[in-house]
Amino acid sequence: MGREILAAMAGQSDLQLHGAWVRAGSDLDGVDLAVMPGESGEAGRGIVATSRIDDVLNGADVAIDFSLPEANREILAASVRAGTPLVCGVSGLGDDDLAAMRDAARVIPVFYDRNMSIGVAVMRRLVAQSASLLGPEFRADIHDTHHAHKRDAPSGTALLLGESVAGARGQDFRQVMQYPAGRPDAVRSTGDIRFHVIREGEHPGQHTVTFSDAAEQLSIVHDVRNRRVFAAGALRAARWLATRPAGRYGMNEFLDDLAGKD
């Protein structure tokens with residue numbers, strides 16, 4: 001994702017890379033990012049990657065984090081120290097991580113979402129509206145397809161979509177979520193939300209929410225063609241966040257602003 005962000009920045013005159021953080025011991029520590037191929041190298045030219053995160057954030061307008069949960073706490077704490085707004089797209093964060101993010105949002109603007117695609121953000125609203133109108137009498141199935149290297153299952157986006165369905169129906173998501181991995185014949189209950197997960201090949205991601213009863217079926221699909229969509233979304237979020245006061249934000253607030261809502 002770091003490479004995708006660099007490539008997405010190419011040719012955007014209002015954006016300039018200020019620094020790049022890498023793990024201690026990384027082969028890129030101390031290396032000019034011009035070594036990156038193609039567009040990525042051009043956007044990173046003259047920027048030396050470093051494992052000293054405070055050096056990276058000093059003087060930056062916004063930080064973007066697509067690392068791993070174990071690195072996020074360090075990035076969050078450093079962003080608070082520097083007073084730097086943070087856009088976070090890390091997947092798989094736990095309750096303690098989210099609590100730390102809420103604490104940080106009292107000091108700095110924090111934009112967090114499990115999916116930075118604006119298309120997925122719109123899909124969540126369509127899914128919620130459909131669930132509300134159709135009601136729990138319609139079965140809800142969420143299909144989640146990703147590349148074989150993805151660690152979490154169901155994906156964070158699939159869970160978000162499930163939460164949208166449950167919330168619109170007035171349900172407790174944890175009570176109606178059903179992920180019968182390896183048990184396709186598991187008995188279904190009225191109103192449950194069943195997840196179907198595929199991890200194979202190099203597929204960047206597809207999510208489908210299907211509502212069905214005995215007479216009809218409605219499907220809402222979002223298909224990612226490449227990972228650049230997440231980088232582009234994060235850069236849009238970064239532009240938007242740079243002018244916000246301290247607080248916790250996400251795609252919902254961003255879409256509300258685009259629609260002209262307070």
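The values are calculated or read from the model by the stated rules, or taken from the named source; none is laboratory data. Nothing here was measured: the structure is a model prediction, and the numbers come from that model. Please note: Cβ atoms are built from the backbone with ideal geometry, for glycine as well, and neighbour counts cover all protein chains shown. SASA here: full protein model, heavy atoms, side chains in, ligands and nucleic acids out. Shrake-Rupley method; radii C 1.70, N 1.55, O 1.52, S 1.80 Å.
Report, for segment 15-160, the % of DSSP beta bridges that are antiparallel, rounded to 5.
10 percent
Nearest-5 percent of antiparallel DSSP beta bridges in segment 125-262? Mind showing how you got there, number by number?
Values: 14 of 23 bridges.
Close to 60 percent.
Regarding segment 169-235, what whole-number volume in Å³ per residue does the convex hull of its Cα atoms give?
Numbers: hull volume 10.2 nm³, N = 67.
Hull volume normalised by residue count: 152 Å³.
Which percent of the accessible heavy-atom area of the chain goes to carbon and sulfur, probe 1.4 angstrom?
48 percent
Let me know the shape class of the chain, please: from the alpha-carbon gyration tensor, a ≥ b ≥ c as square roots of the eigenvalues, rounded when a/c is under 1.5, otherwise prolate if a/b is greater than b/c, or oblate.
Note, shape of the chain comes out prolate.
When the dipole is taken about the Cα centre of segment 55-130, and only Lys, Arg (+1) and Asp, Glu (-1) are charged at their Cβ, what size is it in debye, to the nearest 20?
In debye, rounded to 20, segment 55-130 gives about 360.
Using +1 on the beta carbon of Lys and Arg, -1 on that of Asp and Glu, and nothing else charged, what's the dipole of the chain about the Cα centre, debye to 20?
180 debye
Could you tell me which of V31, H18, A237 has its Cα farthest along the dipole of the chain towards the positive end, charges placed at Cβ (Lys, Arg +1; Asp, Glu -1), taken about the Cα centre?
So the residue we want is A237.
Quick one: Kirkwood hydrodynamic radius for segment 195-234, alpha-carbon pairs, angstrom, one decimal?
In segment 195-234 this quantity evaluates to 12.3 Å.
Where a ≥ b ≥ c are the square roots of the eigenvalues of the C-alpha gyration tensor, would you call segment 111-221 rounded, which needs a/c under 1.5, or, failing that, prolate if a/b is larger than b/c, or oblate?
Since a/c reaches 1.5 but b/c is at least a/b, the shape of segment 111-221 is classed as oblate.
Once phi is turned into θ = phi - 60°, what whole-Hz ³J(HN,Hα) does the Karplus curve with 6.51, -1.76 and 1.60 give for every residue of segment 237-245, x standing for Gly and Pro?
Along segment 237-245, the couplings run 5, 5, 4, 5, 5, 4, 9, 9, x Hz.
What stretch of the chain, leaving out the sites themselves, is the longest with no GluC sites (Glu not before Pro) in a DSSP loop having at most 11 other Cβ atoms within 10 Å?
Maximal segment without exposed cleavage sites: 1-136.
Which order do the peptides 226-234, 168-176 come out in when sorted by mean C-beta neighbours inside 10 angstrom, highest first?
With the highest mean Cβ count within 10 Å placed first, the list reads 226-234, 168-176.
Write down the accessible area per residue of segment 199-262 in Å², having rolled a 1.4 Å probe over the full set of protein chains.
Value returned for segment 199-262: 57 Å² of accessible area per residue.
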